[in-house]
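Since the structure comes first, as structure tokens, the remarks are kept for the end.
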Amino acid sequence: MKALVLAGSPRKGGNTDVLADEFLRGAKDAGAKVEKIYLDDLRIRPLGLVGDSPARRVDVRAGDDFLKAFRRFIAADIVCFATPVYVQGMTAQMKCFIDRLSAYKWRKAYRKKVSDKGYAVITAFGAPSEGRWVTAPIKAGVENLGGVYIGALSVVAYKKGEAKKNPRALAAAYSLGAKAVRRIRNER
Ligand SMILES: Cc1cc2nc3c(=O)[nH]c(=O)nc-3n(C[C@H](O)[C@H](O)[C@H](O)COP(=O)(O)O)c2cc1C
């Protein structure tokens, strides 16, 4: 069982990163192998022009770093999207990754691997109730992938270090990671 965090913030050690680490700690304690990818370390361009037929999409930008992350995404049993709210949405780093997925997710070779995963979301943001800008589109995206939606954690935290001082949020992130592993193990 492998759990992967896709970290969408450019701020290493920031709020979503700290929560993501707790998610992975919970997943590890529940028996998973864990890893994290900082999307900002990779050069992943926005999705290029694709045709209207989803199954026939070609990723015209496959020469960048997307496939490095995609291979690890495909190999994972659990994927946690960790991204702050940036301007009422996810970060561009995360959006590029998710858009690029759409060039692969309908291919026969990947269909089962994409739908057979558990997905979770972690987000942090400065203004109360802004979490929905990240949780709603990612939940809808997971439903579209046909994956198992485990749940989301939304935490109000603005300055670097705020999430670290929030024991309830840290505990919730840990529980979400452990819950993801238990749920996927039970489903198999
Ligand atoms: C460019 C930018 C845009 C932001 N937009 C929002 C926003 O729309 N709503 C909000 O509540 N917080 C917003 N924030 C605050 C971040 O969500 C907040 O600082 C968060 O803790 C950052 O997470 P991180 O430490 O994981 O990078 C924004 C921050 C930046 C840098």
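The values are calculated or read from the model by the stated rules, or taken from the named source; none is laboratory data. Here the structure is a predicted model, which means the values were calculated and not measured. Cβ atoms come from the backbone with ideal geometry, glycine included; neighbour counts cover every protein chain shown.
General observations
- Test: residue in region 126-133 that is among the hydrophobic types (A, V, I, L, M, F, W, C) and not in a helix (DSSP H, G or I): yes
- Consider region 127-151 and keep the residues that are hydroxyl-bearing (Ser, Thr, Tyr) and at pLDDT 95 or above. The one that is farthest from Asp77 (Cα to Cα) is Thr135.
- Residue in region 41-50 that is under 22 Å from Gly118 (Cα atoms), within 16 Å of the ligand (Cβ to nearest atom) and not aliphatic (A, V, I, L, M) present: no
- Cβ-Cβ distances below 7 Å connect the following pairs, each with a first residue in region 108-129 that is over 15 Å from Leu153 (Cβ atoms) and charged (D, E, K, R), a second residue that is assigned to a strand (DSSP E or B) and away from the ligand (no atom under 13 Å from the Cβ), and a separation of six or more residues or different chains: Lys117/Ile78; Lys117/Val79; Lys117/Val148.
- For region 93-113, filtered to residues that are over 13 Å from the mean Cα position of the chain (by Cα) and not charged (D, E, K, R), the residue that is farthest from the ligand (Cβ to nearest atom) is Ala109.
- Residue check, Ala124 closer than 22 Å to Ala178 by Cα, at pLDDT 95 or above and surrounded by fewer than 15 Cβ atoms within 10 Å (Cβ to Cβ): no
- Selection over region 11-21 of residues that are out of contact with any Pro (no Cβ under 8 Å at 6 or more places or on another chain) and either more than 7 Å from the ligand (Cβ to nearest atom) or β-branched (Val, Ile, Thr) (or both) gives a count of 6.
- Among the residues of region 103-155, those that are closer than 18 Å to Ala20 by Cβ and of a type in the set (Val, Ile, Thr) comprise Val121, Ile122, Thr123, Val134, Thr135, Ile138, Val142, Ile150, Val155.
- Boolean, Arg71 is surrounded by 14 or more Cβ atoms within 10 Å (Cβ to Cβ), of a type outside the set (Gly, Ala, Ser) and either away from the ligand (no atom under 13 Å from the Cβ) or farther than 30 Å from Tyr158 by Cα (or both): no
- Some residue of region 159-168 being within 22 Å of Val87 (Cβ to Cβ) and either under 15 Å from the mean Cα position of the chain (by Cα) or more than 16 Å from the ligand (Cβ to nearest atom) (or both): no
- For region 101-113, the criterion of being closer than 23 Å to Ala27 by Cα and crowded, with 20+ Cβ neighbours inside 10 Å is met by no residue.
- Qualifying positions in region 134-158 - within 11 Å of the ligand (Cβ to nearest atom), part of a loop (DSSP other than H, G, I, E, B) and surrounded by fewer than 21 Cβ atoms within 10 Å (Cβ to Cβ): Tyr158
- Criterion: surrounded by 13 or more Cβ atoms within 10 Å (Cβ to Cβ) and small (Gly, Ala, Ser) - qualifying residue of Ala55, Ala32: Ala32
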